[in-house]
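Presented below is the structure to which this report refers.
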Amino acid sequence: MFTGIVEELGEVVRITETAGDSALVAVRGPVVTSDARHGDSIAVNGVCLTVVDVSDGIFTADVMGETLRRSALGGLRAGDPVNLERAAALNSRLGGHLVQGHVDGVGEVVAREPAAQWETVRFRLPADLARYVVEKGSITVDGVSLTVAGVGPDWFSVGLIPTTLKLTTLGARRVGDPVNLEVDVLAKYVERLLGARLADSALPDAGPPGGGLPVAGLPGAAATGGPA
């Protein structure tokens with residue numbers, strides 16, 4: 001689990017294709033590797049990867065073909081900057097929001113509007129993710145926890161402060177560039193739970209189990225007409 005607060009801007013050192021359609025990715029990040037060990041989790045542009053080796057400020061991680069296809073990591077090249085964040089500790093402050101590091105889809109930068117002290121950036125997102133994005137809600141873009149400033153049928157916008165522009169990859173993203181998106185996991189759970197409840201409420205009332213009479217005080221119970 002992560003918080004979407006990028007710890008450092010790392011750099012892809014090399015990408016080595018392995019068996020099948022997977023790859024071994026080496027990333028330089030002196031901050032995140034300062035206490036990293038084999039098996040630790042590090043988010044790379046919002047994708048949770050497992051460390052397999054650490055040496056001289058560089059960690060390597062296996063990336064499955066599924067991850068390469070369903071995220072923007074498939075387009076990475078040696079020398080590319082990447083947002084890095086170590087897994088959150090239970091005693092740390094939650095500066096952003098709960099981020100799983102499981103990319104829901106790939107979006108695209110569609111517009112940038114510079115202002116005096118910030119910049120508004122608009123992203124296109126897959127249609128099946130739009131229902132999870134609400135104004136003033138949270139969304140993760142390339143591993144960065146952001147607050148949604150505006151929404152549309154197939155887009156959302158955010159405001160980026162100078163620190164975010166300078167210390168993450170979002171400052172250099174150009175129109176047309178792909179970005180990893182993770183919507184708020186709480187929204188997905190709420191949809192699942194409410195969907196199941198609505199489905200149950202749509203079923204015909206079959207009465208209590210066993211075909212007995214309704215029990216007083218329970219939904220569907222009939223008034224007996226007796227004393228209260």
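The values are calculated or read from the model by the stated rules, or taken from the named source; none is laboratory data. Predicted model only: the values in this text are computed from it and were never measured. Note: ideal-geometry Cβ built from the backbone for every residue, glycine included; neighbour counts use all protein chains shown. Quick note on the areas: whole protein, heavy atoms, side chains included, nothing else; ligands and nucleic acids left out. Shrake-Rupley method; radii C 1.70, N 1.55, O 1.52, S 1.80 Å.
On a C-alpha basis, how far is the centre of region 36-51 from the centre of region 102-124 in Å? Whole number, if you could?
Result: 25 Å between the Cα centres.
With N set to the residue count of region 61-132, report its C-alpha Rg divided by 2.2 N^0.38 Å to two decimal places. Kindly include the intermediate steps, with their values, before the conclusion.
Numbers: Rg = 15.5 Å, N = 72, 2.2 N^0.38 = 11.2 Å.
Output field value: 1.39.
Tell me the net charge near residue 30. Cut-off is 10 Å between Cβ atoms, residue 30 excluded, with +1 for each Lys or Arg and -1 for each Asp or Glu.
Values: positive: 28; negative: 8, 56.
Charge balance near residue 30 sits at -1.
Only helical DSSP H runs with n ≥ 4 go in: add -39500 (n - 2.57) per run for the chain, normalise by residue count and round the 222 nm mean residue ellipticity to 500 deg cm²/dmol. Provide the component values of the computation, followed by the final result.
On the way: 3 runs with 29 residues, N = 228.
One gets -3500 deg cm²/dmol as the mean residue ellipticity at 222 nm.
Compute the accessible area per residue over region 29-180, keeping the other protein chains in place, probe 1.4 Å, unit Å². Present the calculation step by step, with values, prior to reporting the outcome.
Values: 7750 Å² over 152 residues.
I get 51 Å² per residue for region 29-180.
Answer with one residue from 39, 156, 19: the one whose Cα lies farthest towards the positive end of the charge dipole of the chain, charges on Cβ with Lys, Arg +1 and Asp, Glu -1.
Highest projection toward the positive end goes to 156.
Please list 176-187, 7-18 highest first by mean number of surrounding beta-carbon atoms within 10 Å per residue. Display every interim value, and only then the final one.
Details: 176-187: 19.8, 7-18: 16.2.
Highest mean packing first, the order is 176-187, 7-18.
If you scale each eigenvalue of the Cα gyration tensor by 5 and take the root, what three semi-axes come out for region 38-95, rounded to whole angstrom and sorted largest first?
Numbers: eigenvalues 84, 43, 28 Å².
One finds semi-axes of 20, 15, 12 Å for region 38-95.
For the pair residue 118 and residue 147, how long in nm is the line joining their label points, each one 7 Å along Cα→Cβ?
In this crude label model, residue 118 to residue 147 measures out at 0.7 nm.
Between residue 53 and residue 98, how high is the FRET efficiency from 1/(1 + (r/R0)^6) when r is the Cβ-Cβ distance and R₀ = 22 Å? Nearest 0.05.
On the way: r = 29 Å, r/R0 = 1.30.
That gives a FRET efficiency of 0.15.
For region 49-133, which trypsin sites (Lys or Arg not before Pro) pass both filters: DSSP loop (anything but H, G, I, E, B) and at most 15 other C-beta atoms within 10 Å?
Numbers: sites: 69, 70, 77, 86, 93, 112, 122, 124, 131; in loops: 77, 93.
Sparse-neighbourhood loop trypsin sites (Lys or Arg not before Pro): 77, 93.
When averaged across all projection directions, what area in nm² does the alpha-carbon convex hull of the chain cover? Please list the in-between numbers first.
Working: hull surface 79.5 nm².
Computed as one quarter of the Cα hull surface, the answer is 19.9 nm².
On C-alpha positions alone, give me the angle between the axis of helix 185-201 and the longest principal axis of the chain, in degrees, nearest 10.
Between the helix axis and the principal axis of the chain, the angle is about 20 degrees.
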